[in-house]
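Trainee: This is the structure I want to talk about, given as structure tokens.
Readers should treat all values here as calculations from the given coordinates under stated rules, not as data from a laboratory. These numbers were taken from a predicted model, which means no experiment stands behind them. FYI the Cβ positions are ideal-geometry reconstructions off the backbone, even for glycines, and counts take in every protein chain you see.
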Amino acid sequence: MNLSPLISNVHFPPISEVKRWLAERPDDGQELIDLCQAVPDYAPAPELMEHLSRLLSDPLMSKYSPDEGLLEVREAICGYYGRKYGTQLSSANICLTIGASQAFWLAIVTLCRAGDEIVVQAPYYFDHPMALDILGICGVYAPFVEADGGMPDPVTIEGLITDRTRAILVVSPSNPTGAITLPETVRELFEIARRHNIALIVDETYNEFIPGGVRPHDLFSDPAWGDHFVHIASFGKTYALTGYRAGLLAASEEFIHHALKAQDTMAVCQPRITQHAVKFGIENFDQWVAANREMMSRRHDLFRSEFTQPSNQFQLAASGAFFAWVRHPFSGCSGRQIAKRLVDEAAILCLPGEVFGPGLEGYLRLAFGNIQEDAIPEAVRRFREMA
Ligand SMILES: Cc1ncc(COP(=O)(O)O)c(C=O)c1O
């Protein structure tokens, strides 16, 4: 049987790839420090778990919901957007999805045909080009500029737009750099999208980890936001519910109307239990979320101050919520070679830079959001000693 060359040519998921290295590593007694996958290391709030266990006995919980999600849940989410973004969305602007991952698929299949182009800021979240490649959509990559800390440059991005471009894609806060695109830059990108009659897609999976809970941008307050803005979010990291697959797509009513055709064939709906978890979180956990955000900020400060000590030959190129993006000192070696050495010699699991974009072999991504504050000095010590 022949497989689609579009999928055969896509690289295997990098997190699975590096986790396989663990099986081959010699047992030298060092405890593994996992800086690989961006998963909050803490459990969901106990009240949330109690609430969900009570709900499980309700027979309705095992049934489908409407494709877009339960109205009461989407209305609660609209209230949350009022608090977070300063604008009350309409429930018709929202489709609940199987994580932000599926929201991205809905966005791109609604916008693009095979052969169309999307301008993607590098370093990118590796799942995005994987999806584009599988669908035959061409990613056109805006290069990472270390001096700009990985911030998107609107002039560069506009220069990459052609008559086949359907969208600009940015992730803010960024995975892998942690960089937060300034609200005014988001606005500039939106104006570019408007001028070229294309979409600006912003993946805001980490929006609750912006220090101080600052508003990510003001696009939703533009009465015509839906004509050119597509927003992707996840409650997975926010409520430590990554396994519940709690994603969301927000777009114009017309966009959501068409996206629901794909939703119906891909997933039908987000599981009801997930929807209730999100609603309960939104109604009860603003303070819990804020406390975790502060904790992540402290981890970031500590990581940065430890990592930038003069004795470390790894260089911090960018960092922010959850992530550090570092340049390794071994010129001529790929990120993969160094990430493998880190597993074998230092029991550190992290991702090689090249999975986040072409030409990024000199970098590594460290998801320090996975480890507790007291483990950070030891993690950094292992980097220092390796070099
Ligand atoms: C930028 C970005 N988008 C989307 C996702 C996937 O989120 P979800 O688990 O909600 O599908 C991740 C997960 O790490 C991510 O980093």
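Trainee: Once each part is reduced to its C-alpha centroid, what is the distance from segment 130-169 to segment 358-381 in angstrom?
Mentor: When both Cα centres are located, 26 Å separates them.
Trainee: Follow-up question, since we're still on this one. Could you compute the longest span of the chain free of trypsin sites (Lys or Arg not before Pro) located in DSSP loops and having at most 12 other Cβ atoms within 10 Å, not counting the site residues?
Mentor: Free of exposed loop sites, the longest segment is 114-387.
Trainee: Output the 0 to 90 degree angle, nearest 10, between the alpha-carbon long axis of helix 46-55 and the longest principal axis computed from the alpha carbons of the chain.
Mentor: Here the helix axis deviates by roughly 40 degrees.
Trainee: Which of the lysines could a cross-linker bridge to residue 84, judged by Cα under 20 Å and excluding same-chain residues fewer than eight apart?
Mentor: Leaving aside lysines fewer than 8 places away in the same chain, those within reach of residue 84 are 237, 279.
Trainee: Given a Förster radius of 41 Å and the C-beta distance between residue 2 and residue 160 as r, what FRET efficiency does 1/(1 + (r/R0)^6) yield to the nearest 0.05?
Mentor: Working from the Cβ atoms, E equals 0.75.
Trainee: Antiparallel DSSP bridges in the chain: what percent, to the nearest 5?
Mentor: 50
Trainee: How far apart, in nm, are the 7 Å Cα→Cβ label points at residue 372 and residue 50?
Mentor: My value for the distance between the label points is 2.3 nm.
Trainee: Taking Cα atoms, how many degrees apart are the long axis of helix 14-24 and the longest axis of the chain, rounded to 10 and kept between 0 and 90?
Mentor: The two axes meet at around 40 degrees.
Trainee: Kirkwood Rh, the chain, all Cα pairs: how many Å?
Mentor: Taking every pair of different Cα atoms in the chain, averaging 1/r and inverting gives 21.6 Å.
Trainee: Using a Debye calculation, one point per C-alpha and no hydration shell, please list log10 I(q)/I(0) for segment 178-288 at q = 0.13 Å⁻¹ in order.
Mentor: -0.58
Trainee: Could you work out the equivalent-ellipsoid semi-axes for segment 58-285, taking the square root of 5 times each eigenvalue of the Cα gyration tensor, largest first, in whole Å? Provide the component values of the computation, followed by the final result.
Mentor: Values: eigenvalues 149, 76, 52 Å².
Equivalent-ellipsoid dimensions as semi-axes: 27, 19, 16 Å.
Trainee: For the chain, find the longest principal axis of its Cα atoms and tell me its angle to the long axis of helix 99-111, 0 to 90°, nearest 10.
Mentor: Approximately 60 degrees, to the nearest ten.
Trainee: Under 5 Å between amide H atoms, partner at least 5 residues away or on a different chain: which partners does residue 165 have, H built in plane at 1.01 Å?
Mentor: Amide H neighbours of residue 165, under 5 Å, 5+ apart: 117.
Trainee: Using a 10 angstrom cutoff on alpha carbons, build the Gaussian network for the chain and name the most mobile of 170, 120, 155.
Mentor: Of the options given, 155 has the highest mean-square fluctuation.
Trainee: Under a Cβ-only charge scheme (Lys and Arg +1, Asp and Glu -1), can you give me the dipole magnitude of the chain about the Cα centre, in debye to the nearest 20?
Mentor: On the way: 32 positive and 48 negative charges, 57 e Å.
Dipole size: approximately 280 debye.
Trainee: Further, regarding this structure: From the backbone phi of segment 72-85, what are the Karplus-calculated ³J(HN,Hα) couplings (6.51 cos²θ - 1.76 cosθ + 1.60, θ = phi - 60°) in whole Hz, Gly and Pro given as x?
Mentor: Listing the rounded values in order: 4, 6, 5, 5, 4, 5, 4, x, 4, 5, x, 6, 7, 10 Hz.
Trainee: Continuing with the same structure: About its Cα centre, what dipole magnitude does segment 58-285 give when the only charges are +1 on Lys and Arg Cβ and -1 on Asp and Glu Cβ, stated in debye to the nearest 20? Write down the numbers at each step before the final one.
Mentor: Details: 16 positive and 27 negative charges, 106 e Å.
It works out to roughly 500 debye.
Trainee: Scan around residue 36 for amide H atoms under 5 Å from its own, H built in the peptide plane at 1.01 Å from N, and keep only partners 5 or more places away or cross-chain.
Mentor: Answer set, sorted by chain and number: 367.
Trainee: Please work out the FRET efficiency for the pair residue 301 and residue 197, using the Cβ-Cβ distance as r and a Förster radius of 41 Å; give the result to the nearest 0.05.
Mentor: Plugging the Cβ-Cβ distance into 1/(1 + (r/R0)^6) gives 0.45.
Trainee: Working out 0.36 nm times the residue gap between residue 284 and residue 341, then minus their Cα-Cα distance, what length gain in nm do you get to one decimal?
Mentor: Stretched fully, the residue 284-residue 341 segment lengthens by 16.1 nm.
Trainee: To continue, here is another question. Along Cα→Cβ, 7 Å out, is where each label goes; now give me the distance between the ones at residue 253 and residue 385 in nm to one decimal.
Mentor: 6.3
Trainee: Then there is this: Along the charge dipole of segment 58-285, which of 70, 156, 177 sits closest to the positive end, that is, farthest toward it, with unit charges on the beta carbon of Lys, Arg, Asp and Glu (+1, +1, -1, -1)?
Mentor: So the residue furthest toward the plus end is 70.
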